[in-house]
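Chemist: Here you go, one structure.
Read the figures in this text as sums done on the coordinates, not as results from a lab. Everything numeric here is computed off the predicted structure, so don't read it as measured data. Methodologically, a virtual Cβ is constructed for each residue, glycine included, from the backbone with ideal geometry; neighbour enumeration extends over all protein chains shown.
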Amino acid sequence: MRDLVPDYVKRLPKRQASAPAVPNEIRLDRNEQPFPPSPRVVQALRDAAEQANRYPESFSGGLRRRISEYTGVAFDQIAVGNGSDELIEWLARAFLSNGDEIIVPKPSFFYYATTCSAVGGVTVYADRNPDFTLNLDAIFSKVTDRTKILYIANPNNPTGTPVPRQEIIAILERADFLVVVDECYHEFHGETVVDLLPKYPHLLILRSFSKAFGLAALRVGYAMGSVEHIDYLHRVAQSYSVNRMAHAAAISALDDVEWAKSKIAGICSERDRIATALQDLGLTAYPSRTNFVLVNARASGKTATEIAAALREQNIHVSNFAGYPGLDDYSFRLSVGLPEQNNATIAALEKLVVITSSQPAPTIGSGSQ
Ligand SMILES: Cc1ncc(COP(=O)(O)O)c(C=O)c1O
């Protein structure tokens, strides 16, 4: 048998299926909306299920028209994918070939690097400032002739850090490659650079229905960019990528934006309550404009691996970022859950974490890894 697998695919890390769900588990490791979706969405899903024997609309025509009304962006400047994850895959397929580079300010969302590696591209990490804000000099020092895409998550995952609009403009003014601004957590943050699309054709914005709208199970995200870039994304896509139920649910979610708004305010105040409680325990909770909080437990002397394992014993799941590019072994992230879940998590951490020193949080945004 010939060797079928390119070296760059062999180098990708192995992936695993999630463990089966356990009753009453508290899942704070995926940045999900803790509440089930709006009743209108659930009804739309039931109605769409009646036509499950029919393929969905190809290239998401109806949903793109509805997103166009919601965002003010033209229909042919919008692509809809199976989660924004899939749009990140299309970006790699459409714009990267073997040896091309993407720049990612570290730490950031892992899937930019995975999708780049999967097509033989190279991820070049740029350090952030110690408080996780962007360092524009560090970013532009990484630009080469092979740079194709710069990924800016605003706000960033896993840090929760927002990017000031003026910085995005400064980046767009200097960049002669695609600048992807990932606004996955847009509805929590409230800011956008959608209005910059007409001026900067090399800007492409990603959004998701998985977070504020509570449709994570259905996998719907969208991209907004120049007509030309959106056309190329569609060329590398399958026609029926987004299913009929997902289309119906996302359209309904936009018809019922009030539902999302009513949840967002509570989630943001819970987020700030959790951050304060963890700071009171002596941990460092980084300021966040999302539905999650990045925590550094160095002051407790316990690593994120130890903390995540101890919480898991109590059926509480948080994300362990030990070994992650741009973070140290004391970093973990927790999403905002239902108030009683947040209380249980804070109580568990109270028992677990005994502060042994009052060292300030490390300056992990730069220099490390
Ligand atoms: C910054 C960022 N971008 C994209 C995604 C993918 O979202 P989706 O569920 O739309 O694929 C996530 C998911 O956590 C994320 O945090």
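Chemist: Each residue of segment 197-205 in order: what ³J(HN,Hα) in whole Hz does its phi give by Karplus 6.51 cos²θ - 1.76 cosθ + 1.60, θ = phi - 60°, with x for Gly and Pro?
Modeler: 4, x, 7, 10, x, 8, 9, 9, 10
Chemist: Any idea how far the Cα center of segment 138-172 sits from the one of segment 73-131, in Å?
Modeler: 12
Chemist: Cα to Cα, under 18 Å, and not fewer than 8 places away if on the same chain: which aspartates and glutamates meet these conditions relative to Lys142?
Modeler: Within reach: Asp100, Glu101, Asp127, Glu167, Glu173, Asp176.
Chemist: Same structure again: Could you run the Karplus curve 6.51 cos²θ - 1.76 cosθ + 1.60 with θ = phi - 60° over segment 168-180 and give me ³J(HN,Hα) per residue in whole Hz, x for Gly and Pro?
Modeler: Taking θ as phi minus 60°, the curve returns 5, 5, 4, 5, 4, 5, 8, 7, 10, 9, 6, 10, 9 Hz for segment 168-180.
Chemist: For segment 181-335, what are the per-bin percents of Cα-Cα distances with bins 10 Å wide, up to the bin holding the maximum?
Modeler: Per 10 Å bin, starting at zero, the Cα-Cα P(r) for segment 181-335 comes out as 10, 28, 31, 23, 8, 0 percent.
Chemist: Then there's this: Whole-Hz Karplus ³J(HN,Hα) for segment 52-66, in order, using 6.51 cos²θ - 1.76 cosθ + 1.60 and θ = phi - 60°, x for Gly and Pro?
Modeler: 5, 6, 9, 4, x, 4, 6, 6, 6, x, x, 5, 5, 5, 5
Chemist: Using every Cα-Cα pair within the chain, state what percent have a distance larger than 40 Å.
Modeler: 13
Chemist: Now a separate question. Where Lys and Arg each count +1 and Asp and Glu each count -1, what net charge lies around Tyr222 among other residues with Cβ under 11 Å from its Cβ?
Modeler: After counting each charged neighbour, the total is +1.
Chemist: How do 264-274, 7-17, 46-56 rank on mean C-beta neighbours within 10 Å, highest first?
Modeler: In descending order of packing, they fall as 264-274, 46-56, 7-17.
Chemist: Taking the simple approach of a point 7 Å from Cα along Cα-to-Cβ for both His202 and Asp7, what is their distance in nm?
Modeler: Placing both labels 7 Å along Cα→Cβ, they lie 3.0 nm apart.
Chemist: Hey, fewest Cβ within 10 Å first, where do Tyr70, Tyr151 land in order?
Modeler: Tyr70, Tyr151
Chemist: Now for a different question. Under 28 Å Cα-Cα from Lys302, which lysines qualify once same-chain neighbours fewer than 8 residues away are excluded?
Modeler: Of all the lysines, those that pass the test against Lys302 - Cα under 28 Å, at least 8 places apart if same chain - are Lys14, Lys106, Lys351.
Chemist: Explain nothing, just the number: relative contact order of segment 60-201, from Cα pairs under 8 Å at least 6 residues apart, as a whole percent.
Modeler: Normalised by residue count, the contact order of segment 60-201 is 19 percent.
Chemist: Using 0.36 nm per residue of separation minus the Cα-Cα distance, give me the extension gain between Ala322 and Glu50 in nm, one decimal.
Modeler: Separation in residues times 0.36 nm, less the Cα-Cα distance, equals 93.4 nm.
Chemist: So, one more: Rounded to the nearest 5, what % of DSSP beta bridges with both residues in the chain are antiparallel?
Modeler: In the chain, DSSP labels about 45 percent of beta bridges as antiparallel.
Chemist: What shape does segment 155-261 have by the C-alpha gyration tensor, where a ≥ b ≥ c are the square roots of the eigenvalues, rounded means a/c under 1.5, and otherwise prolate means a/b greater than b/c and oblate the rest?
Modeler: oblate
Chemist: Taking the Cβ of Gly62 as the center, what net charge do the other residues with Cβ under 14 Å away carry, scoring Lys and Arg +1 and Asp and Glu -1?
Modeler: +1
Chemist: For segment 21-177, what is one quarter of the convex hull surface built on the Cα atoms, given in nm²?
Modeler: 13.0
Chemist: Could you please rank His202, His317, placing first whichever residue has the fewest other Cβ atoms within 10 Å of its Cβ? Write down the numbers at each step before the final one.
Modeler: Values: His202 16, His317 20.
So the residues, fewest neighbours to most, are His202, His317.
Chemist: Could you work out how much longer the chain between Asp280 and Ala118 gets when fully extended? Use 0.36 nm per residue separation minus the Cα distance between them, nm to one decimal.
Modeler: 54.0 nm
Chemist: Relative contact order (percent) for the chain, with alpha-carbon contacts under 8 angstrom and 6 or more residues of separation?
Modeler: Across the chain, relative contact order equals 23 percent.
Chemist: What number, in percent, do you get for the relative contact order of segment 141-224 if the mean sequence gap of Cα pairs under 8 Å and at least 6 apart is divided by its residue count?
Modeler: 26
Chemist: Right, another one. What net charge do the residues around Val194 carry, taking every other residue with its C-beta under 11 Å from that of Val194, with Lys and Arg at +1 and Asp and Glu at -1?
Modeler: My count for the surroundings of Val194 gives -2.
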